[in-house]
Amino acid sequence: MLKRPINGRLLQSTPSGGIDVTEFNFDDIRFMSKIAYIHNGTETTNDSFTVQVSDGTHDAIKEVRANSWD
């Protein structure tokens, strides 16, 4: 992750619970795991984080926008 979210965090769900993550790879999410954005409960409803992905040959950088509504 190149830029972390300001108003939340990323959580990796695993069979034994969840852990905060700042980086992850394909193997981390390949088997029974998901990465989720968790809002911190503030009044701010918009957030974003930036990730870099690679297949070993090509790289891509993407800003992921997260919106939270009641």
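The values are calculated or read from the model by the stated rules, or taken from the named source; none is laboratory data. This structure is a prediction, so every number in the text was calculated from the model and none was measured. No Cβ is skipped: glycine too gets one built from the backbone with ideal geometry, and neighbour counts run over all protein chains shown. Just so you know, the surface numbers come from the protein's heavy atoms only, side chains and all, with ligands and any DNA or RNA stripped out. Shrake-Rupley method; radii C 1.70, N 1.55, O 1.52, S 1.80 Å.
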Go through region 42-56 and count every residue that is in contact with a Phe, Trp or Tyr (Cβ under 9 Å, 6 or more places away or on another chain) and under 10 Å from I6 (Cβ atoms). 2
Can you tell me which residue is farthest from V51 (Cα to Cα) among those in region 16-36 that are open to solvent by less than 80 Å² (accessible area, probe 1.4 Å), over 9 Å from the mean Cα position of the chain (by Cα) and not β-branched (V, I, T)? G17
If S13 meets every condition in (1) surrounded by 11 or more Cβ atoms within 10 Å (Cβ to Cβ); (2) outside any strand (DSSP E or B); (3) at pLDDT below 85 apart from one, which number is that one? (2)
Does L2 fit the bill of being at pLDDT 85 or above, open to solvent by less than 70 Å² (accessible area, probe 1.4 Å), under 15 Å from the mean Cα position of the chain (by Cα) and not basic (K, R)? no
Which one of A60, A66, A36 is touching a residue at least 40 places away in the same chain (Cβ under 8 Å) and among the small types (G, A, S)? A66
